[in-house]
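Visitor: Could you have a look at this structure, given as structure tokens, before my questions?
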Amino acid sequence: MNELIPDFDFQRVVVAPWASDFQGNIWVVLMGFFAITACGLVGQYLVLRRMALVGDAISHSVLPGIVIAFLLLKSRSSGAMFVGALFAAVLTTVLIEFIQKKSRVKQDAAIGIVFTSLFALGVIMVSLFTSQIDLDLDCVLHGEIVNVPLEFPFVQVAGLTLGPSSVVRMAAVSLITAVLVMGFYRQLLVSSFDPGLAGSLGVNASVVHYALMGWLSVVVVSCFDSVGAILVVAMLILPATTASMVTDRLPWALASVPLQALLSALGGFHLATWLNCAIAPAMVVASCGLFALAWIFGPVDGQWAKRRRRRANALPDAVLDPFLGKS
Amino acid sequence: MNNTVPLPTPHTPGPAPTDDIPLEVHDLTVAYQKKPVLWGIDLVVPAGKLIGIIGPNGAGKSTLIKAILGQVPVSAGWVKVFGEPLKKNLRRIGYVPQRESVDWDFPVNVLDVVIMGRYGRLGLFQRPRREDVDIARACLDQVKMLPFANRQISNLSGGQQQRVFLARALAQEADLYFMDEPFAGVDAATESAIIGLLQELKSRGKTLMVVHHDLSTAKEYFDMLLLLNMRVVSFGPTEQVFNNELLQKTYGGRLTILTDVAEAVKQQS
Ligand SMILES: Nc1ncnc2c1ncn2[C@@H]1O[C@H](COP(=O)(O)OP(=O)(O)OP(=O)(O)O)[C@@H](O)[C@H]1O
Ligand SMILES: [Mg+2]
């Protein structure tokens, strides 16, 4: 037992990481925080629109885009890969929509068709061009968050050192996401709740749809080369579902996302320190922990609250007795 | 294809409004996957009337409303609202969709839903103003739902959900309303409250087009009826249109219950 799970040593797990290597670790936690915030905010609308798995699809189908960008541009720069991945991501959402609209194929099946095909295509390309591709696919699809602080040189603006480029990029993406979600709150709300009404209110539901898909692509692609695909897919879904157990007002659900992001990023980081395991999956596990708590204790849809409500609403047994002929 | 339906005869002389014909539909054809569901629809709808849209399941009633509102692509024909293309007069249109068309587990409360009716009047980034909230509350009060303003919408009964949709349409402060089965799943008391509300709107000069399934009440509720089954079977004042022959034509062979209704109608008149 002791060999599998190390003892929980408060000093080693909680204090030491910050005392010894604050500079390195803060970037890891911040990266997780920003990535989870961005994914969680966009994911809220995916979940509401019953499109939770589109993010999953995108995170696989970017592979051929990355390979093609690499072959065409002969560059391993993250800029080139970003463009390739983004292109493939947008293509994925358009194809899913196209198949679904033009036939009876339902959305879940359309998602399954598109991303498996594109992923397979990507795998074939990789094996065809292995000789020319010096591409660490593991790193592309399952990037490791521990590498984040090692990205030198740090981004500098006006003589101010901001931080590693991927963290700065992620911070920008999640800030823009928050601004978009707040600015277009009404348009997103009405087109998700009642697309039919949206039209007669002057909100073009399909423009909102494609904008959401486009921005989802940006978020997914800018996350996963540094935090890994599991984290992205999980974080598109988990914060929204956790929030749905806790609140039934959309603004509160959205506001809970950064808080959940902070708790998951910090909790995951310390969990990983404790267990000596990979950090990004540990953040996912921490977020699952939040979900489990909400599932049990959430005041709106938690099991405990529902049970208490059932008890409170049940008639005392004796009330019905006179009507049932008992005395 | 000339063995069918007579074109709507131009009844209703009325005060002959000039540009103020709320709705004009010309030769509208809609097809889903090449199968036409509406064919050559011609309508000129006069102002200040409560109009029932009647026809069997699958007749294209919902599709007609969606086509007029630009939610489904039309294959031919055009629609004018208050003498102009739809886009120009969006603010003058209110819409009550079929209740099943939305997800009632959505994390919003009753007031949030009614405030949506005000969105058409807000600028791109503008938040709902005090006055919008007040109007939304007043509309909730009109449908007797104000006590439920802060209730999550999934904790409402079907009839209450229907009233929330109605309040939202009222909040749109429109001149021309489309309502898709506002009486579905509503009890008798609520139904008569709603019809009272619709009549009040009418008396203020609004035009209302209401999809309705209950032939036994259609006659007393509506000033005019649109009998629809892929084509316009007939459109005119209720007393001229609501007769055995035209109802037979509308409902085709499926007339088991309907013959009874028609019999009753005959005896009444
Ligand atoms: N999205 C769609 N794709 C294909 N066919 C459709 C679609 N929506 C409706 N239809 C078909 O169009 C026809 C008209 O449908 P519509 O919903 O307008 O009928 P309705 O008169 O409103 O019926 P109901 O009384 O059942 O509400 C039906 O035959 C239906 O099968
Ligand atoms: Mg219908």
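Visitor: Which of the residues that make up region B:135-185 are in a loop (DSSP other than H, G, I, E, B) and more than 16 Å from ligand 2 (Cβ to nearest atom)?
Guide: B:Val143, B:Lys144, B:Met145, B:Ala149, B:Asn150, B:Arg151, B:Leu156, B:Ser157, B:Gln172, B:Glu173, B:Ala174, B:Asp175
Visitor: Out of all the residues in region B:48-56, is one or more within 16 Å of ligand 1 (Cβ to nearest atom) and in contact with an Asp or Glu (Cβ under 8 Å, 6 or more places away or on another chain)?
Guide: Within region B:48-56, one or more residues are within 16 Å of ligand 1 (Cβ to nearest atom) and in contact with an Asp or Glu (Cβ under 8 Å, 6 or more places away or on another chain).
Visitor: Let me ask you something else. From the list B:Leu69, B:Leu23, B:Leu64, which residue is closer than 15 Å to B:Tyr177 by Cβ, near ligand 1 (Cβ under 8 Å from one of its atoms) and within 14 Å of another protein chain (Cβ to nearest Cβ)?
Guide: So the residue among B:Leu69, B:Leu23, B:Leu64 that is closer than 15 Å to B:Tyr177 by Cβ, near ligand 1 (Cβ under 8 Å from one of its atoms) and within 14 Å of another protein chain (Cβ to nearest Cβ) is B:Leu64.
Visitor: Moving on. If I filter region B:222-230 for residues that are more than 12 Å from the chain's Cα centre (by Cα) and in a helix (DSSP H, G or I), do I get at least one hit?
Guide: Scanning region B:222-230 turns up no residue that is more than 12 Å from the chain's Cα centre (by Cα) and in a helix (DSSP H, G or I).
Visitor: Name the one entry in B:Gln142, B:Gln162 that is closer than 25 Å to B:Gly205 by Cβ and buried (at least 20 other Cβ atoms within 10 Å of the Cβ).
Guide: B:Gln162
Visitor: Anything in region A:14-52 that is without any contact (Cβ under 8 Å) to a residue 60 or more places away in the chain and within 14 Å of chain B (Cβ to nearest Cβ)? List them, or say none.
Guide: The answer is A:Arg50, A:Met51.
Visitor: Tell me which of these B:Val45 doesn't satisfy, since it passes every other one: (1) away from ligand 2 (no atom under 16 Å from the Cβ); (2) out of contact with any Leu (no Cβ under 7 Å at 6 or more places or on another chain).
Guide: Failed condition: (2).
Visitor: Among the residues of region B:99-114, is there at least one that is in a helix (DSSP H, G or I), at the interface with chain A (Cβ under 9 Å from one of its Cβ atoms) and among the aliphatic types (A, V, I, L, M)?
Guide: yes
The numbers here are math on the coordinates, done by the rules we state, and not lab data. Just so it is clear, the structure is predicted and the values come from calculations on it, not from any experiment. Neighbour counts run over all protein chains shown; Cβ positions are idealised from the backbone, glycine included.
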